[in-house]
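**Q** Below is a structure I'd like to ask you about.
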Amino acid sequence: MLEIRNLHAKAGDKSILRGVNLKVCAGEVHAIMGPNGSGKSTLAQVIAGRDLYEVTEGEVLFEGKNLLELSPEERAREGIFLAFQYPVEIPGVSNLYFLRTALNAVRKHRGLEELDVVDFMELVKQRVKLLGMNEALLERPVNEGFSGGEKKRNEILQMAVLEPRLAILDETDSGLDIDALKAVAAGINAMRSPERAIVVVTHYQRLLEYVEPDFVHVMAEGRIVRSGDKELARELERQGYSWLEEEEALAGESRT
Amino acid sequence: MSAAVTGTPAGQEAWLAAFAARERRLANECPWWLQGLRRTALSRFAELGFPTTRVEEWKYTNLAPLARTVFEPAGPLAPGDRRPSSWVETIGGAVAWTVNGILGAASAGRDFSIGSLRAAWQETPELVQRHLSRHAVFDRHAFVALNTAFFEDGVLLRIRDGAVLDQPLVLVHYVSGNGDTPLACHGRTLVLAGRNSQASIVEAWVGPDGLVYLTNSVAEAVLGEGAVLEYVRLQLEGDKAYHFSALHARQGRSSSLAVHTVLLGGALTRSEIGSVLAGEGASTVLNGLYLARGDQHMDNYTTLDHAQPHATSVELYKGILDGRSTGVFHGRIIVRPEAQKTDAIQRNRNLLLSPDAVINTKPQLEIYADDVRCTHGATVGQVDADAIFYLRSRGIAHREARRLLTLAFAQEITDRINPASLRERLNAELVVRLDPIEE
Ligand SMILES: Nc1ncnc2c1ncn2[C@@H]1O[C@H](COP(=O)(O)OP(=O)(O)OP(=O)(O)O)[C@@H](O)[C@H]1O
Ligand SMILES: [Mg+2]
């Protein structure tokens, strides 16, 4: 479904991604972990099409299509969804209006009829319930004044409404209380399907207890340096990332 | 405060000649004091001339093209001419309209009347004399002077003491002409809101595209003790219009005035809103929205004169500028020595949609009392790139995302406007006007 080959990207003069390789197939759940600043969010944003980052090398294929040629909205309509690490506040635009505009843009692209207000409300209310979300948040401006946890749940709500093929969730589990974490995990699990792939970026094993990944990757300094199964995440939880430096040191030694 | 500065007298001869040509006729149909007022106003205009950009209050608005243009005073509709109309008349309420400054349809109810000012100065001269030209003072103001010299009729809106109006008073000013010579239209409005009355007024200026004309409108509003007045002012002029409008309000004790100004049309606009908070505990809200595109120029000049203690004013002006348009916000707040416990907030926020658009924003605080709270702030920015990306990442097209965010910016002002029918129509108008904005 998604294939990333030797991806390099920079912001201004700073090179951030330095040769990322990753293959995600339909039906799989991948977890990406790694220290702060290793480039996880940058990777997610590049896949979504953020123009702050310039791709200097490599390619990204989605369903065989060259993703890098598409605008962010085209990518979204093709079925890519990014849950932001820092969801953006949009004063003056109601959450409902935003969701409906987005859903109808996506539906139109898929050759489906636009949903009228009644059908749309039915869909949203059902998803809101699933996530145990406060319905009052629907009427409020997008993310404005939402608590950290409310913002994260709102991201999951958008995913649940837009039903993407590939969902990338950037630290959607951070800042959540236990109940919220369970609700978010339930939301993610409800999305799991053989036709859909999910990539979760996380620092914590906790989420992965609820959402079991098929693959776990460790990112460091702009590359995926290790991949494994869910055992790898447990190991990281115990040991942290100090081994990375040792490996670097070893690699350095072996180069000399 | 800058002293009155004499501008260039260029272009004034035509005005003086026009005045002389009409003087006899007008003298016959109005009281001596009014004719005296007109003469004084004209000679003051002759002394002042149109202000140049050397005058601080006019620094960013170049009137040279206006001063060069010879205008002809607009007259009544010719018999058989269809009178103009617009959607503003359909928002509901008691509707009255003028064409070229002359009242075409009056309206009255148990608690209010919208009538001809000319009729009023004939029937109740002492009432008109007590208020006319007392609040919009022409001594230092060329456009008010010109208006005072030239207005032939006008509109008197009266709201009875204690009246609570359940529908807005709607007043639409049209300009109509055949396009041969540029027309000048000096509309005059006098609002008398009685003690403890509650009312809302919607005043709109509408003109055809393609016609060069001058709207030089002056309104005075007197709010009695405890009066509550919502005053919406919509500038929907044609694309070649010069629009000058000034509202000068005087607020009695514990009265509250909310003025919502929306500027959409015209080539060159100067909108002045001023209120003297002349009674203790008065409160004023000034909201403004200006949307300028192409080569439009929109200049907002506001004055809040806190003259008595315990009064509050809250001002929020928002500008959207696209193309090569230019905008000005100049907000004056005066706090007189007696006006202790004044609470005044002024904010001006601007959204630049194009690299060629320019905004000049200037707060001017003159505070002579010590126990006051006065804050002001101005921002100029572009549409938030993070927000754009967020919307696009959900499948919303770039254009649509920009439009959505720009509308949301504007709607902070329109959301405060009543009735709902007007608010919705205005929002639709914004959608249309924002649509062709280039990416
Ligand atoms: N627009 C930008 N301009 C300059 N530097 C950037 C930009 N975006 C990211 N960076 C830098 O790139 C590096 C990777 O950032 P990124 O946000 O991708 O890390 P991360 O792995 O998501 O970290 P965290 O776990 O803290 O979320 C950091 O050093 C960051 O400061
Ligand atoms: Mg990150």
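The values are calculated or read from the model by the stated rules, or taken from the named source; none is laboratory data. Bear in mind the structure is a predicted one, so any value in this text is a computation, not a measurement. Neighbour counts run over all protein chains shown; Cβ positions are idealised from the backbone, glycine included. Heads up: the accessible areas ignore ligands, DNA and RNA and are worked out on the full protein's heavy atoms, side chains in. Shrake-Rupley method; radii C 1.70, N 1.55, O 1.52, S 1.80 Å.
**Q** Looking only at region B:408-433, how many residues end up being surrounded by fewer than 18 Cβ atoms within 10 Å (Cβ to Cβ), over 18 Å from the mean Cα position of the chain (by Cα) and polar (S, T, N, Q)?
**A** Adding up the residues that qualify gives 2.
**Q** Something else now. Looking only at residues in region A:147-158 that are within 16 Å of ligand 1 (Cβ to nearest atom) and open to solvent by 10 Å² or more (accessible area, probe 1.4 Å), which one is nearest to the chain's Cα centre (by Cα)?
**A** Our first condition is that a residue be within 16 Å of ligand 1 (Cβ to nearest atom); within region A:147-158, this holds for A:148, A:151-152, A:155.
Narrowing further to those that are open to solvent by 10 Å² or more (accessible area, probe 1.4 Å): A:148, A:151-152.
Details: A:G148: 17, A:K151: 14, A:K152: 11 Å.
Only one residue tops the list, namely A:K152.
**Q** If a residue has to be crowded, with 17+ Cβ neighbours inside 10 Å and within 16 Å of ligand 2 (Cβ to nearest atom) to count, how many in region A:86-100 make the cut?
**A** 2
**Q** Moving to a separate point now. Being over 12 Å from A:E221 (Cα atoms), more than 13 Å from ligand 2 (Cβ to nearest atom) and of a type in the set (V, I, T) is the filter here, so list the residues in region A:12-46 that pass it.
**A** A:V24, A:V29
**Q** Can you spot a residue in region B:295-305 that is more than 16 Å from B:E230 (Cα to Cα), over 21 Å from the mean Cα position of the chain (by Cα) and free of Cβ contacts under 8 Å to residues at least 40 places away in the same chain? Even if it seems obvious, please write down each step before you answer.
**A** Here is the first cut: in region B:295-305, the ones more than 16 Å from B:E230 (Cα to Cα) are B:295-305.
Then keep just the ones that are over 21 Å from the mean Cα position of the chain (by Cα); that gives none.
No - not one qualifying residue is present in region B:295-305.
**Q** Then there is this: Might you let me know whether region A:54-76 holds any residue that is closer than 21 Å to B:F389 by Cβ, within 16 Å of ligand 2 (Cβ to nearest atom) and open to solvent by 40 Å² or more (accessible area, probe 1.4 Å)?
**A** Scanning region A:54-76, I find no residue that is closer than 21 Å to B:F389 by Cβ, within 16 Å of ligand 2 (Cβ to nearest atom) and open to solvent by 40 Å² or more (accessible area, probe 1.4 Å), so the answer is no.
**Q** Among the listed residues B:A18, B:A27, B:A67, B:A41, which satisfies the condition of being modelled with pLDDT under 95, of a type outside the set (D, E, K, R) and touching a Ser or Thr at 6+ places or on another chain (Cβ under 9 Å)?
**A** B:A67
**Q** Looking at region B:340-371, which of its residues are among the small types (G, A, S) and either farther than 24 Å from B:A258 by Cα or over 25 Å from the mean Cα position of the chain (by Cα) (or both)?
**A** B:S354, B:A357, B:A369
**Q** Of all residues being in contact (Cβ under 8 Å) with a residue 40 or more places away in the chain and in contact with a Leu (Cβ under 9 Å, 6 or more places away or on another chain) in region A:46-55, which is nearest to ligand 1 (Cβ to nearest atom)? Just the residue, please.
**A** To start, the set of residues in region A:46-55 that are in contact (Cβ under 8 Å) with a residue 40 or more places away in the chain comprises A:47-48, A:52-55.
Subset that is in contact with a Leu (Cβ under 9 Å, 6 or more places away or on another chain): A:47-48, A:53, A:55.
Working: A:I47: 12, A:A48: 13, A:Y53: 7, A:V55: 14 Å.
It comes out as A:Y53.
**Q** Got a sec? Which of A:A83, A:A9 is within 11 Å of chain B (Cβ to nearest Cβ) and within 16 Å of ligand 2 (Cβ to nearest atom)?
**A** A:A83
**Q** Right, another one. In region B:389-426, which residues are part of a helix (DSSP H, G or I), more than 19 Å from B:L291 (Cβ to Cβ), at the interface with chain A (Cβ under 9 Å from one of its Cβ atoms) and not hydroxyl-bearing (S, T, Y)?
**A** From region B:389-426, those part of a helix (DSSP H, G or I) are B:389-392, B:398-414, B:420-426; that's our starting set.
Then keep just the ones that are more than 19 Å from B:L291 (Cβ to Cβ); that gives B:389-392, B:398, B:420-421.
If we keep only those that are at the interface with chain A (Cβ under 9 Å from one of its Cβ atoms) as well, we get B:389-392, B:398.
Within region B:389-426, B:F389, B:L391, B:R392, B:H398 meet the criteria.
**Q** Test of understanding: among A:R18, A:R5, which residue is surrounded by 16 or more Cβ atoms within 10 Å (Cβ to Cβ), more than 9 Å from ligand 1 (Cβ to nearest atom), touching a residue at least 40 places away in the same chain (Cβ under 8 Å) and not in a helix (DSSP H, G or I)?
**A** From the options A:R18, A:R5, the qualifying one is A:R18.
**Q** Which of (1) within 16 Å of ligand 2 (Cβ to nearest atom); (2) within 9 Å of chain B (Cβ to nearest Cβ) does A:L103 not meet, given it meets every other one?
**A** (1) is the only condition that A:L103 fails.
**Q** Sort out which residues of region B:134-188 are open to solvent by 20 Å² or more (accessible area, probe 1.4 Å) and of a type in the set (G, A, S), and write them in order of number.
**A** Across region B:134-188, the qualifying residues are B:G162, B:S176, B:G177, B:G179.
**Q** On to the next question. Inside region B:139-218, counting only strands (runs of 3 or more DSSP E) that do not spill past its ends, which hold 2 or more residues that are closer than 26 Å to B:G49 by Cα and either modelled with pLDDT of 95 or more or of a type outside the set (D, E) (or both)?
**A** Once the strands (runs of 3 or more DSSP E) in region B:139-218 are filtered for at least 2 residues that are closer than 26 Å to B:G49 by Cα and either modelled with pLDDT of 95 or more or of a type outside the set (D, E) (or both), what remains is B:183-185, B:188-193.
**Q** Another question, then. Can you confirm whether B:A4 is at pLDDT below 90 and in a loop (DSSP other than H, G, I, E, B)? Before the answer, list the steps.
**A** Numbers: at pLDDT below 90: yes; in a loop (DSSP other than H, G, I, E, B): yes.
Yes.
**Q** Are any residues in region A:169-189 within 16 Å of ligand 2 (Cβ to nearest atom) and either more than 14 Å from every other protein chain (Cβ to nearest Cβ) or open to solvent by 10 Å² or more (accessible area, probe 1.4 Å) (or both), and if so, which ones?
**A** Selection gives A:E171, A:T172, A:D173, A:S174, A:G175, A:L176.
**Q** Across region B:102-123, what is the total count of residues that are part of a loop (DSSP other than H, G, I, E, B) and at pLDDT 95 or above?
**A** 1
**Q** When you look at A:P141, is it surrounded by fewer than 19 Cβ atoms within 10 Å (Cβ to Cβ) and modelled with pLDDT of 95 or more, yes or no?
**A** It is true that A:P141 is surrounded by fewer than 19 Cβ atoms within 10 Å (Cβ to Cβ) and modelled with pLDDT of 95 or more.
**Q** OK, next. For region A:190-213, which residues satisfy the criterion of being over 12 Å from A:A167 (Cα atoms), more than 16 Å from ligand 1 (Cβ to nearest atom), within 16 Å of the chain's Cα centre (by Cα) and open to solvent by 50 Å² or more (accessible area, probe 1.4 Å)?
**A** Once the filter is applied, which keeps residues that are over 12 Å from A:A167 (Cα atoms), more than 16 Å from ligand 1 (Cβ to nearest atom), within 16 Å of the chain's Cα centre (by Cα) and open to solvent by 50 Å² or more (accessible area, probe 1.4 Å), region A:190-213 yields A:A190, A:E212.
**Q** Here's something else I'd like to know. So which of B:A204, B:A163, B:A136 is over 16 Å from the mean Cα position of the chain (by Cα) and hydrophobic (A, V, I, L, M, F, W, C)? Walk me through it before giving the result.
**A** Values: B:A204 fails: over 16 Å from the mean Cα position of the chain (by Cα); B:A136 fails: over 16 Å from the mean Cα position of the chain (by Cα).
After ruling out the rest, the residue left standing is B:A163.
**Q** Could you say which residue among A:V128, A:V161 is modelled with pLDDT of 95 or more and open to solvent by less than 10 Å² (accessible area, probe 1.4 Å)?
**A** When all the criteria are applied, what remains is A:V161.
**Q** What tally of residues in region A:57-71 results from selecting those that are assigned to a loop (DSSP other than H, G, I, E, B) and within 14 Å of chain B (Cβ to nearest Cβ)?
**A** Going through region A:57-71 one residue at a time, the tally reaches 2.
**Q** Also, quick follow-up: If you go through region A:21-42 one residue at a time, how many are more than 11 Å from ligand 1 (Cβ to nearest atom) and either over 14 Å from the mean Cα position of the chain (by Cα) or within 14 Å of another protein chain (Cβ to nearest Cβ) (or both)?
**A** The number of residues fulfilling the criteria is 6.
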